[in-house]
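The values are calculated or read from the model by the stated rules, or taken from the named source; none is laboratory data. Keep in mind the model is a prediction, meaning the values are calculated, not measured. Every residue, glycine as well, gets a Cβ built from its backbone with ideal geometry; the counts of neighbours run over all protein chains shown.
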Amino acid sequence: MTSLSRGGCVNLVIFDLDQTLVDFTWLHDETTHELFREFFGVDARLTEIDFAGRSLTDNIIELAALKGIPRESTMLKVNGILEAYDELFRSRLPRDASPYVLPGARRLLDHLSQTDNVLALYTGSSPGTAEMVLANAGLSKHFRIAVYGTKSKSRIHMVELVLETAEKLTHRRFHGREMVIIGDSIRDIDCSKHSGAVSIAVATGFHSNQELMRRQPDYLFDSLEDYREILRGIESGCLVRQGD
């Protein structure tokens, strides 16, 4: 398959990280459990809430509310928890994280990196956590842009930051279906629809195939393994534009 730059069509392809490209749910769960014991003296796990496609900050606040912890107490401690989370998670992250790269992810990224598409990452994690995951998994080289949930107001704001950065890098603006958002959560689909982007959902995360389907993504796959079909989905915006 040839570079999408031939014919003048280049896409901004935005990937989610956790449960889309890699799966460290177990480590996030363990880290959350330990820190809630330390800061609040309660047993709590990330997987007790709908964490997918949300920032770490929002997940901490929601989980604390579920455990009956007053919001005032949570807000006083949230910055300390975020700092401790980053340190603890990174200390336990395997040096070789390649076994946790999800099937098809590396092949898809390798192919896209040979095109003129601009690859971006958006994730609810902190910069330190996400960058170390990418480095240990051998995926850092693929992304020219990355934005983080702990530095953004919302997932939609994260996409806006990606667009701003992409414009500075490429000296062009990406609109509507010149953007593609690939993720495992219903929130990734909602974000795609808000921005008019092509939505590619993969059922490799917390949200089931049925939950994702109800949000009506443009494309839905069981995983990234069917990378050739996913590439066709990415190209679909180009085909629409060339036919205008």
*Might you check whether a residue that is touching a residue at least 60 places away in the same chain (Cβ under 8 Å), out of contact with any His (no Cβ under 8 Å at 6 or more places or on another chain) and among the acidic types (Asp, Glu) occurs anywhere in segment 20-36?*
yes
*Can you work out which of the residues in segment 157-196 that are in contact with a Cys (Cβ under 9 Å, 6 or more places away or on another chain) and β-branched (Val, Ile, Thr) is farthest from residue 19 (Cα to Cα)?*
159
*asked:* Looking at the structure I just gave you, is residue 166 at pLDDT 95 or above and out of contact with any strand residue (DSSP E or B) (no Cβ under 6 Å at 6 or more places or on another chain)?
replied: no
*Residue satisfying all of: in segment 68-97; surrounded by fewer than 18 Cβ atoms within 10 Å (Cβ to Cβ) and small (Gly, Ala, Ser); farthest from residue 48 (Cα to Cα) among these*: 91
*Of the residues 126, 154, 140, which is more than 13 Å from residue 17 (Cα to Cα) and assigned by TED's automatic domain parsing to the domain that holds residue 205?*
154
*Candidate set from segment 38-52 (those that are in contact (Cβ under 8 Å) with a residue 40 or more places away in the chain and over 20 Å from the mean Cα position of the chain (by Cα)); member that is nearest to residue 62 (Cα to Cα)*: 39
_Count of segment 147-169 residues which are in contact with a Pro (Cβ under 8 Å, 6 or more places away or on another chain) and of a type outside the set (Val, Ile, Thr)_ = 2
_Count of segment 158-202 residues which are farther than 22 Å from residue 125 by Cβ, crowded, with 24+ Cβ neighbours inside 10 Å and of a type in the set (S, T, N, Q)_ = 0
*asked:* All but one of (1) of a type outside the set (Gly, Ala, Ser); (2) under 17 Å from the mean Cα position of the chain (by Cα); (3) surrounded by 14 or more Cβ atoms within 10 Å (Cβ to Cβ) hold for residue 222; state the number of the condition that does not hold.
replied: (3)
*asked:* Out of everything in segment 203-219 that is in contact (Cβ under 8 Å) with a residue 24 or more places away in the chain and within 21 Å of residue 178 (Cβ to Cβ), what residue ends up being surrounded by the fewest Cβ atoms within 10 Å (Cβ to Cβ)?
replied: 216
*Just a yes or no: is a residue in segment 117-129 surrounded by fewer than 18 Cβ atoms within 10 Å (Cβ to Cβ), within 24 Å of residue 156 (Cα to Cα) and touching a residue at least 12 places away in the same chain (Cβ under 8 Å)?*
yes
*What are the residues in segment 85-128 that are acidic (Asp, Glu) and within 30 Å of residue 233 (Cβ to Cβ), if any?*
110, 116
_Of the conditions (1) more than 25 Å from residue 158 (Cα to Cα); (2) touching a residue at least 60 places away in the same chain (Cβ under 8 Å); (3) not assigned by TED's automatic domain parsing to the domain that holds residue 159; (4) not charged (D, E, K, R), residue 103 satisfies every one except a single condition; which number is it?_
(3)
